[in-house]
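Read through the structure below, which is laid out as structure tokens, and then see the notes.
The values are calculated or read from the model by the stated rules, or taken from the named source; none is laboratory data. From a predicted model like this one, the values you see are computed outputs, not experimental measurements. Cβ placement follows ideal geometry from the backbone for every residue including glycine, while neighbour counts extend to all protein chains displayed.
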Amino acid sequence: MDIPKDLPDLDQLLAIYDQAAQDLLKVALSDGHFAGWKPEVLAWPASGTVAQPLGLEGLRQRAVLISTIYEGIPPRRDSRLAEAYQRYQRALPLYHQANCVYLQLRRQFLARGAGTERDFLQLYQAIYLEALGRENPFPLDTGEAALVQVGVARAPLAHGQAVAEKLQKEREVDDPRLEGIYRCERNDLTSQQPLRQALRQLAEEVVDFLAAGEHLAIRYNTFSNFIWLGIAIWKVITEVELLAVALEGRVRRAWSDKLRFYTRLGQGMLLKFLQAHQEDPAQIKPKEYWYGQQYSYLTRDMIDLTAELVKGANRLRRQAGSGFELPAVELPSLLRNQVSGRFLEYPHVGPTAKLPAWQRYWRLLRWIGVFRQAGRRKQQIHRAGLEEQVRLEAAWQNNTEWGVRSLALFGVKVRVLIDPHFAAVAKELELAKGGHKIVFFPTHQSLLDHPVMYQVLDSPELMAAMGWEKPVPCTQLARARLMEPASFKIGKRRFSLIGLDAQQADRLLEEVDGYVIMEHSQDTGSPTQRFAKLLEKRPGVVYGAGTTAAFALQCLPIQHGLFAQLPQDIVIIPMAFRGIHALWPKCPKGNLDLSPGLVEVMISPPMLGETTLLPRKRALRTQLEPATLFQAVHIATLLNPEPR
């Protein structure tokens, strides 16, 4: 259902809201939420008009319907995520093994003089397309099929399959080099087989992992980012609207009218939220989809509004007196971060203490000093006119010191863990020899991500895993005007808390640190291509989700358009910063509730762009499936898959 951007009047908004609600009720019915209910009670009570609004009886029925769905979501989420995670875990080791085999086969191909690395990649990708075009290995259940019908979910591999089948046209790849006999080593077992057969097996294993990852990420996006958050907010809005009508005549009319106004605002936000999730993510530049700050800000504002609605509604309820029959409205447990189930934050990470307000403010003031010192040092490096490598090393040391001092100031400890599969892939890749285009892919949930990232890249654990003798300066693809929140305006003059305005900070990041700054107003292709070129010289860092999370369990999709500009021979190393969101939550807006605690960083094994990214075909340029897979790696390593 398309939702107009500019709603001409409230009646039209209510009509669209009612239609969306009825569509979602049908999905809930398909998913078994109303098993045993009589069909006549499952109709969504219409809002009526401004002149003749819905009465108490209809609002009560709405509250019952929403509460029923709300109570049924956590167990359904748990069971679906558990099933998807089991499939993901079965495919994971085979995927890493397939990457090792790919590297073995490529070395033999080159040693025989059969062609170049590009020739080998083209042979693999032709077979990869055959594997990608197969039928979906994970049939949808009734509830998921209904969600796909509404447009808030999709089937795994749905986009890539259709395009791959169109490109392949059921033709076999015909190249005599595929008939040569090659040696493959798997789990200490050696076999001899034609190159075609070896490539087909590893392509199938890559596609199996691609499908399993998409399945996990789609289910997580649907049942955590959309349904659980959406139904929690919808429940509050429905109950507050009921309370506001029941309060008429018992409190001042202006107060109950104001409460109803904010429920209308919440309903409008829910429609915008639905619209974002209904948009096709395969588009090159989605308009409302959840890749950018707008979506993160929308969910933050929805959460903030929900909290204020609960406070305001209960305040008016108390004024109504002891005889008022409706119970107080409760803030949902998800928004209080007091939930149980699977894929929640690990219990051993996050805050370790609660600081009084004066200590938080004092530490934030001292942090400004740390920023200013780092800024002055950066300006000194800029003025020194150093040779490029010397400048980059000095800038990297300055950034690392800023990160270490920032974390020490706030009492944040960082523990680095290396996935057990890392060593085998790194050995086969000969990672320690260098010469690879490496991209570190951290999660992005907090303003503390950057200081943690610098400390991780400087850690002995990572350097040992990478085979580095000393820290290696990295480039970064960064959003423009990152420092803008640290400035304020008095009259016609703008002042910066850190001593640098946003434009100065961007310029120094590029000219001193060697970063690439993306301008929102321009085509992102050019800066991404510049970033890709820099990967030939040094590793890069990309926050693929693009923005910080609004609540603890919000794990945002990776921007698939990014991979259309990056080279296919990149090596991607995902990182998950466990427990970091709870140290400095994004909600409410302007929150300064920063706590000391522990961040545990899980570093996943290298993932090969050559085996995993879709071929450079125009119809496949969105790279939707690999991007969703990388999000799945984040989800699987960031959150605890076991029940809590």
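Would you confirm, using the coordinates I've provided, whether residue 602 is crowded, with 24+ Cβ neighbours inside 10 Å, touching a Ser or Thr at 6+ places or on another chain (Cβ under 8 Å) and either more than 26 Å from residue 298 (Cβ to Cβ) or assigned by TED's automatic domain parsing to the domain that holds residue 286 (or both)? Steps first, please.
Numbers: crowded, with 24+ Cβ neighbours inside 10 Å: no; touching a Ser or Thr at 6+ places or on another chain (Cβ under 8 Å): yes; either more than 26 Å from residue 298 (Cβ to Cβ) or assigned by TED's automatic domain parsing to the domain that holds residue 286 (or both): yes.
It is false that residue 602 is crowded, with 24+ Cβ neighbours inside 10 Å, touching a Ser or Thr at 6+ places or on another chain (Cβ under 8 Å) and either more than 26 Å from residue 298 (Cβ to Cβ) or assigned by TED's automatic domain parsing to the domain that holds residue 286 (or both).
Quick check: is even one residue across segment 525-534 surrounded by fewer than 23 Cβ atoms within 10 Å (Cβ to Cβ), among the charged types (D, E, K, R) and part of a loop (DSSP other than H, G, I, E, B)? No.
Contact annotation: residue pairs with Cβ atoms under 8 Å, 6 or more positions apart or on different chains, pairing a residue in segment 395-413 that is on the phi < 0 side of the Ramachandran plot and among the hydroxyl-bearing types (Ser, Thr, Tyr) with a partner that is part of a helix (DSSP H, G or I) and buried (at least 18 other Cβ atoms within 10 Å of the Cβ), are 400/454; 400/455; 400/457; 406/367; 406/370; 406/451. Regarding segment 259-269, can at least one residue be identified that is assigned to a helix (DSSP H, G or I), modelled with pLDDT of 95 or more and either basic (Lys, Arg) or in the same structural domain as residue 623 (by TED's automatic domain parsing) (or both)? Within segment 259-269, not a single residue is assigned to a helix (DSSP H, G or I), modelled with pLDDT of 95 or more and either basic (Lys, Arg) or in the same structural domain as residue 623 (by TED's automatic domain parsing) (or both).
Filter segment 211-246 down to the residues that are more than 20 Å from the chain's Cα centre (by Cα) and acidic (Asp, Glu), then identify the one that is nearest to residue 344 (Cα to Cα). By that ranking, first place goes to 239. For segment 376-493, the strands (runs of 3 or more DSSP E) that sit wholly inside it and include 2 or more residues that are closer than 30 Å to residue 631 by Cα are 412-418, 437-442, 475-479.
Identify the single condition in (1) buried (at least 16 other Cβ atoms within 10 Å of the Cβ); (2) at pLDDT 95 or above; (3) of a type in the set (S, T, N, Q) that residue 86 does not satisfy, given that it satisfies every other one. It fails just one condition, (1).
Conditions (1) in contact (Cβ under 8 Å) with a residue 40 or more places away in the chain; (2) of a type in the set (Asp, Glu); (3) over 30 Å from residue 220 (Cβ atoms), marked per residue:
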position: 350; (1), (2), (3): yes, no, no
position: 357; (1), (2), (3): no, no, yes
position: 367; (1), (2), (3): yes, no, yes
position: 371; (1), (2), (3): yes, no, yes
position: 379; (1), (2), (3): yes, no, yes
position: 383; (1), (2), (3): no, no, yes
position: 390; (1), (2), (3): no, no, yes
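Against the list (1) modelled with pLDDT of 90 or more; (2) among the hydroxyl-bearing types (Ser, Thr, Tyr); (3) more than 35 Å from the chain's Cα centre (by Cα), the condition residue 79 fails is (3). Given (1) in contact with a Leu (Cβ under 8 Å, 6 or more places away or on another chain); (2) surrounded by fewer than 23 Cβ atoms within 10 Å (Cβ to Cβ); (3) outside the structural domain of residue 89 (by TED's automatic domain parsing), identify the lone condition not met by residue 248. Just one mismatch for residue 248, condition (1).
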